Amino acid sequence: MTFLKHAALLILPLVLLSACGSARPPRLPLALEQAATADRQAKRAFRDGDLAVARNLFEQSLRLQQSQDNLPGVATAAVNLAVVYHGMKNDDMAMRLLDGILADKLTPYPAELRTAAAFRKAVIMVDGGNKEAAAAIEAATLLCGKSCEFTAGIHNLRARLALSQKDYAAAVNFSRDAADAAGGNKEELANARRYSAAAEAALGQHGLALEQYLAALELDKHMGIGPRIASDLDGAARALTQLGRKDEAASYARRAAAAHDAIRFKPGDTTAP
Amino acid sequence: MTLLADKDERFKGLFVKVSIFVLLAVIGIALNFLYAALRQGLFVQKTPVYFVAPTSQNIHEGMAVKLSGFKIGTVKSMTLNEAAQTRVELLIEDKYMHFLREDAEVTPVREGVIGDTVLAVDRGSENKPALRAGAEVSYVLSGGLEQITQDLRDRLFPAIDDMSKLLHDINDPKGDIRQTLKNLREVTAGMNGTRARLDQMLEHSDAMVANDARPMLQSLNKAAGKLEQDLPNLLNKANSTLDSLQKSGAAIKSAVETSAPQFSGLVGESRELVHESRKTVDSLNNNWLLRSGVPQEPQGLINMDSND
């Protein structure tokens, strides 16, 4: 019996060690593995700002997914590719990709990916000041239903559209809805604060605007999104100027200028920001 | 009566048990060493041979000696001889010695693009006697990328020189080719004159046959004679020109044919190397020890919001 105990004590660490060295995950078909690899590399390139490489890799991923008739993979790659094309200012190509999913009612693409495509289309249209942006937002709302991953984003798009149409009261309301729906989505919460701040400032509520800009600034700093930090600092400087706090305004303006310069700075530039 | 009488049954025979345990561990370690030594060929009988290399570059002690890709020995030592060259002592396993002949050659080659350099042995001619212990083998430099480039350079440069000489000859107003063309032009001009005179003769044949036919025929004879004289020269020169061109072309072709497979091999090896590296990195990423340290890329859609 003692021998058995000792043997068990010796074997146990070996069993635990072997448990640590878990087996490799099961392998997918080769084309899908290649597509997943291309997808990973494309995201990395997109994150690093290398849009041309990201486009090529997402196109490769899309072709591989199509070769396997993997509909979720096809829709995902198409939406991602549309995002990249939008980043490259080629909205025609982006819209063609998104319409390829949205207009094809017969192919059973997953509903959440159709919604993602509709939301992305609405973002592109709002960005481009398209007249049919409102219709695109409504289409996304229909696909989203009562609540979905993009609810806060859709409210924010409405707020952006209202801001561009100088309907500031509506913009405040929509951004409030967005903030309520954002939950843990900090990006959309920060966007809601920023749109709300812009609308409040336009309505002459500079104290409220400053409050919202500072809230947005805190969130954007937490996420480390440079251009938005610069925009928040700019907004705060403007609000402070309106409130007559000139010194503070100048300080925020300096910080905003530094942030703008730093964003423009590229590695290899001879002039330091 | 013992001072420290141990009443606990579990401690009975403890010394013996511990001794057995330690002994087993020592035996295990010794067996490991023995196994490693056997794997390293420590107990294998070896025969010394040597070669002399101009430099010890790319050669080091312990370097593998391979025959047809199989390790048959190692570099034992290197010394500088009286001629300031490197004398390299090799130890070849006895069981492989019968493969090697007196005219065996040793060449340093790289295994793959970034692989180790090893000494590859060419076994020599079948009709030669077997290599004896302590004998010298020839050392031949070859293989590396520099060598291939040098080889290609050595072959291409004379061919390019030939081509430039040929072009120079063609452009030289006093050169054979220009002179030949000049002669040809003169002959052609002579033929034209002859033809004009023949035409004239035909026109006035009735009246002038008796007076003019003779000089014209003489002129025709002359021209034909000149043509007969010049044409073989011209053909010879044209032939020699073509020969030179052909030789240059053959030299270039041979150089490219010799080097192309090596370059294509290099490209293939590089591609394979990249592929293998990717596989290795993937494997490392999947390893339990490193997996936690490698950030996993999220699958699915790019994380974008309403402001992107």
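Just so it is clear, none of the values below were taken in a lab; they were calculated from the coordinates. Please read all numbers here as calculations on a predicted model, not as lab measurements. Don't worry about glycine lacking a Cβ; one is built from the backbone with ideal geometry, like all the others, and counts go over all protein chains shown.
Find the percent of Cα-Cα distances in chain A that exceed 29 Å, and round it to a whole number. Working shown, then result.
Numbers: 17981 of 37128 pairs.
Every Cα pair in chain A considered, those over 29 Å come to 48 percent.
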query: Separation of segment A:124-192 and segment B:43-120 by C-alpha centroid, Å?
result: 76
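Test of understanding: ordering B:LEU301, A:LEU71, A:LEU217 by Cβ neighbours within 10 Å, fewest first, what list do you get? The partial results should precede the final answer.
Numbers: B:LEU301 19, A:LEU71 16, A:LEU217 24.
With the sparsest Cβ surroundings first, the list reads A:LEU71, B:LEU301, A:LEU217.
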task: Using the Karplus curve 6.51 cos²θ - 1.76 cosθ + 1.60 with θ = phi - 60°, work out ³J(HN,Hα) for each residue of segment A:39-50 in order, rounded to whole Hz, and write x for Gly and Pro.
output: 4, 4, 5, 5, 5, 4, 5, 5, 4, 7, x, 8
query: For the peptides B:159-169, A:164-174, A:34-44, what is the packing order when you average, over each peptide's residues, the other Cβ atoms within 10 Å and list the highest mean first?
result: A:34-44, A:164-174, B:159-169
message: For chain A, take the longest principal axis of its alpha carbons; what is the angle in degrees between that and the long axis of helix A:246-264, to the nearest 10 within 0 to 90?
response: 40
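For A:ALA103 and A:ARG254, compute 0.36 nm times the residue count separating them, minus their Cα-Cα distance, and round to one decimal in nm.
Values: separation 151, 0.36 × 151 = 54.36 nm, distance 4.83 nm.
Here the segment from A:ALA103 to A:ARG254 would lengthen by 49.5 nm.
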message: At 222 nm, what value in deg cm²/dmol follows for chain A if DSSP H runs of at least 4 each add -39500 (n - 2.57) and the sum is divided by all its residues, to the nearest 500?
response: -26000 deg cm²/dmol
query: For B:ILE92, which sequence-distant residues (separation of 5 or more, or a different chain) have an amide H within less than 5 Å of its own amide H, given hydrogens modelled in the peptide plane?
result: B:THR47, B:VAL49
- prompt: Taking a temperature of 10 °C and a viscosity of 1.306 mPa s, what whole-number D in µm²/s does Stokes-Einstein yield for segment A:33-146 with Rh from Kirkwood over alpha carbon pairs?
  reply: 112
task: Name the long-range amide H neighbours of B:GLU102: under 5 Å, sequence gap of 5 or more, or other chain; modelled H, no Pro or chain starts.
output: B:LEU131
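Going by C-beta contacts inside 10 Å, put B:THR86, A:THR115 in order with the fewest on the left. Please report the intermediate quantities before stating the final value.
On the way: B:THR86 18, A:THR115 22.
Fewest to most other Cβ atoms nearby, the residues stand as B:THR86, A:THR115.
Please compare each pair in A:LYS43/A:LYS89; A:LYS121/A:LYS146; B:LYS46/B:LYS128; A:LYS43/A:LYS131; B:LYS182/B:LYS226 to a cut-off of 23 Å on the Cα-Cα distance and tell me which ones are over it. Display every interim value, and only then the final one.
Values: A:LYS43/A:LYS89 18 Å; A:LYS121/A:LYS146 19 Å; B:LYS46/B:LYS128 21 Å; A:LYS43/A:LYS131 31 Å; B:LYS182/B:LYS226 13 Å.
Beyond 23 Å between Cα atoms: A:LYS43/A:LYS131.
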query: What are the ³J(HN,Hα) values, in whole Hz, obtained from phi via the Karplus relation 6.51 cos²θ - 1.76 cosθ + 1.60 with θ = phi - 60°, for each residue of segment A:183-188 in sequence order, with x given for Gly and Pro?
result: x, x, 7, 5, 4, 5
field: Charged-residue dipole, Cβ positions (Lys, Arg, Asp, Glu), segment A:150-264 about Cα centre, Debye nearest 20
entry: 240
query: Do any trypsin sites (Lys or Arg not before Pro) in segment B:58-137 lie in a DSSP loop with no more than 13 other beta carbon atoms within 10 Å, and if so, which?
result: B:ARG132
Tilt relative to chain A, helix A:226-242 - C-alpha long axis, 0 to 90 degrees, to 10: 20
Which of A:LEU57, B:LEU34 has the fewest Cβ neighbours within 10 Å, and the rest in rising order: B:LEU34, A:LEU57
query: Taking only Cα atoms, what is the 0 to 90° angle, nearest 10, from helix A:71-87's long axis to the longest principal axis of chain A?
result: 40
- prompt: Could you list, bin by bin from short to long, the percent of Cα-Cα pairs of segment A:126-257 in 5 Å steps?
  reply: 2, 12, 19, 22, 19, 13, 7, 3, 2, 0
- request: Assuming 0.890 mPa s and 25 °C, estimate D for segment B:1-109 with Stokes-Einstein, Rh taken as the Kirkwood radius over Cα pairs, in µm²/s.
  value: 134
field: Relative contact order computed over segment A:27-185 (Cα-Cα under 8 Å; 6+ residues apart), in percent
entry: 13
- prompt: Long-range amide H contacts for B:ALA135: which residues qualify at under 5 Å (H placed 1.01 Å from N, peptide plane, sequence gap of 5 or more or a different chain)?
  reply: B:TYR50
